[in-house]
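As structure tokens, the structure follows; a few thoughts come after it.
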Amino acid sequence: MKVLQFPLARVTLVFIVGIVFTYYTQLSPKLVFSSLFIAALFSAVAYFWCTQKPHHNQYFGLSVFVLAFAVGMSTQTIHTDSYQKNHFTQHSNIFEQPHTFTIVLKEKLKSTANNQRYVALVNQVDSTMCSGKLLLNINKDSLNHSFIIGNRLQIQGSLYPNMAPKNPFQFDYGTYLKNKQIYGQLYANVTQIKVSYRIEKDVWYYAAQIRNTIIDNLKKDGFNATELNVAVALLLGQQQDIDPEIIKDYQFAGAVHILSVSGLHIGFVLLFVTFILKPVPNNKKGSLFQLIVILCSLWLFGILAGLAPSVVRSVTMFSFVAIGQHLRRSVNMYHTLLVSILLILLVQPGFLFDVGFQLSYLALFFILWFHPLLSRLWEPKNKISKYIRDILSVSFAAQIGTLPLSLYYFHQFPGLFFITNLVIIPLTGFIMGLGVVVMVLAFVDLCPYFLSKTLEWSLYVIDKIIHTIASFEQFIIKDIPFNSVFLLGSYMLIISSILWFEKRRFQRLIAIVVSVIFIQTALLWNKYDIANQREWIVFNSKRSTLITERNGKDVTLYANDSLIQIGTNNYTLNNYLMGNFSHLATAKKIKNTAFFKGYSILILDSTGIYPKQHQADILVLTQSPKINLDRLIQISRPKKIVADATNYKSFKERWKVSCLKAKIPFHSTSEKGFYILN
């Protein structure tokens, strides 16, 4: 693999390992910075030694890797906001008591059924100056004020820490927020909010104002709301208001990447600006002027799109392309890729743990590496065939490169992605070119009616095509179980296969065989491990009680009639089945008693009926039964009491007090998550 021959590639890989190591070990800042000092000292000594004795230059090479690792560790530590002395998490009793928060709205997020959501910067907690980011949730029922980015708010309320997943194999939203340096959530209604007349006018404020001006002017011109939301997502990277059904269609059709501003969009911006600047003289001063305008345009567009990880990656890469063109030098895309990764992670190491960042770089790397190899298989002579060949080979290279990671995160595969890309990419090119013109003209309120309508109808057509492709659900493979071991094995097989395809050597064939053996061993071990597992789980389910018993791959569901009818369409249950490589064998209605591995379990529902004089090891309370728990404890003498999320909060608080009095462990799934016996 030629890219690994670049010294920068090895340094970047070691740097990334340093970031990942510190992220998972959570080393103290003192230890990290001490390591950086020692690594820098070691590197300096090795350098001067090698200048005296050149035949020992391998020691300097080793010292550079040690220093890169230490720089990765320190970069992750420096950019972890919670280590800052004035961060709000350092405030005493920040999560235990209500406080007065002074915050500034930075970014509007997609709203939920009950709340409008914003990312906010903390300026002050009570009378103490603080820093940090939190997630603000404003109740929709109480929302009678239209907030804008830059609004300064004062809110009296309680801050809640990021919660761990409360059901097995559930999406870890707490870790997702932590990776974005958001360490708490604040809930408020209008009575708790005081709005300052002062507005923080930073770059995010002006970016939001530009977007709002464009949107308002297009609405005024009669642009259809559905297509407008798609246009805003496609061209400005803002997906807050797009219909969830449309996003679902794009996912099923394998075209969701179109809705995320990435290299395709930034490339069109570069081409558009370059075309506009053609009349500028191609001399030294003119070339410098072109470079400055191009770089400003790219980064302005990136800011308008919210500087998401994929946007930053694309803008950084095309900035290097523009600089290379200005210097009249051929741009090595591998070097550009590596430098952009290194620079981005130096400034924002948290991007490394963003799914979009990982997928976009993997897709680009495999396009650069695998696409030229695929193109050699068929070399058509006419332009149309060549165009089709290029689209198919690029799509296949990107899909192969991102497939294992997509299966790991999303557990589904769009079988018609070839057709989607073949049809959509030409239309997307037209829409991007037209869209950039429309957005610029809409900002100054000079967009001709025929241009805006052409864009609207183009988006309508592309949505209909996507919906048609997505409707063939038999080609969408869903709920594919896939873990980290299979992820590693898949990339071993893909990389070794491409290397063999590139140059057929016996050693590379051996690497393919080793990869296949690794995957087969992982499959056999996973099958053996699952077959020897038994567990009984009470899930954290608010609407209805959900209990399962698993013997190997066979899962028995215990629930009420409505949930039994839903079966594997239940999101919580489906995640559990997929994560355990298991299937729903039977579904039964919940009974008062259950037995598992010698444990006697008593289950009470809203009726409060239970067998008299029945002793149980575990007592499960569901649907808020009206019982005297103190008396029941004396009768059944349970060793542990479990209350699921279907119970009233006041009931659970009262039961908790009774358990403390009787010195019996109390497990509330609302607080501690699912309860498991294994």
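The values are calculated or read from the model by the stated rules, or taken from the named source; none is laboratory data. Keep in mind that this is a model prediction, so the values were computed, not measured. Here the Cβ positions follow ideal geometry from the backbone for every residue, glycine too, while neighbour counts run over all protein chains shown. Please note that ligands, DNA and RNA were not included when accessible areas were found on the heavy atoms of the full protein model with its side chains. Shrake-Rupley method; radii C 1.70, N 1.55, O 1.52, S 1.80 Å.
Per-structure values
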read-out: Cross-link reach list, aspartates and glutamates versus K383, counting only Cα pairs under 19 Å and skipping chain neighbours closer than eight places; value: none
read-out: Förster radius 45 Å - calculated FRET efficiency between L660 and L62 (Cβ-Cβ, nearest 0.05); value: 0.20
read-out: Solvent-accessible area per residue, Å², over the stretch 344-396 with all protein chains present [probe radius 1.4 Å]; value: 52 Å²
read-out: Dipole-positive endmost among S452, F506, T112 within the chain (Cβ charges, Cα centre); value: F506
read-out: The stretch 486-518 and the stretch 184-227: distance between their alpha carbon centers, rounded to Å; value: 51 Å
read-out: R0 of 30 Å, Cβ-Cβ distance S670-E535: FRET efficiency to nearest 0.05; value: 0.90
read-out: In nm, spacing of pseudo-spin labels at K248 and Y24 (7 Å Cα→C-beta vector); value: 3.6 nm
read-out: Alpha-carbon centroid distance for the pair the stretch 113-134 / the stretch 409-476, whole angstrom; value: 36 Å
read-out: Fraction of beta bridges assigned by DSSP in the stretch 88-243 that are antiparallel (%, nearest 5); value: 85 percent
read-out: Fraction of antiparallel bridges per DSSP, the chain only, in percent to nearest 5; value: 70 percent
read-out: Computed magnitude of the charge dipole of the stretch 176-308 (debye, nearest 20; Cβ of K, R +1, Cβ of D, E -1); value: 620 debye
read-out: Protein accessible area in the stretch 19-98, 1.4 Å probe - carbon and sulfur %; value: 67 percent
read-out: Accessible surface, 1.4 Å probe, highest first, among residues D445, D221, D141; value: D141, D445, D221
read-out: Estimated FRET transfer efficiency when R0 is 51 angstrom, pair K381-Y571 (beta carbons, to 0.05); value: 0.50
read-out: The stretch 42-102, relative contact order [Cα under 8 Å, separation at least 6], %; value: 19 percent
read-out: DSSP-defined beta bridges in the stretch 579-678 - what % are antiparallel, rounded to 5; value: 25 percent
read-out: Unit charges at the beta carbon, dipole of the chain: most positive-side option, L27, G356, L660; value: L27
read-out: For peptides 164-176, 638-650, sequence by mean Cβ density within 10 Å, most packed first; value: 638-650, 164-176
read-out: Packing rank of 377-389, 246-258, 515-527, 333-345, where each peptide gets the mean count of other beta carbons within 10 Å, highest leading; value: 246-258, 333-345, 515-527, 377-389
read-out: Farthest toward positive dipole pole in the stretch 308-452 [+1 Lys/Arg, -1 Asp/Glu at C-beta], among L368, L346, I400; value: L368
read-out: Cα convex hull of the chain, projected area averaged across orientations, nm²; value: 38.0 nm²
read-out: Length-normalised contact order of the stretch 375-475 in % [C-alpha pairs under 8 Å, at least 6 apart]; value: 25 percent
read-out: Over the chain, relative contact order from alpha-carbon pairs under 8 Å, at least 6 apart, %; value: 9 percent
read-out: Debye, to nearest 20: dipole size of the stretch 576-678, +1 on Lys, Arg Cβ, -1 on Asp, Glu Cβ; value: 240 debye
read-out: Lys, Arg +1 and Asp, Glu -1 on Cβ, resulting dipole of the chain about Cα centre, debye, nearest 20; value: 1040 debye
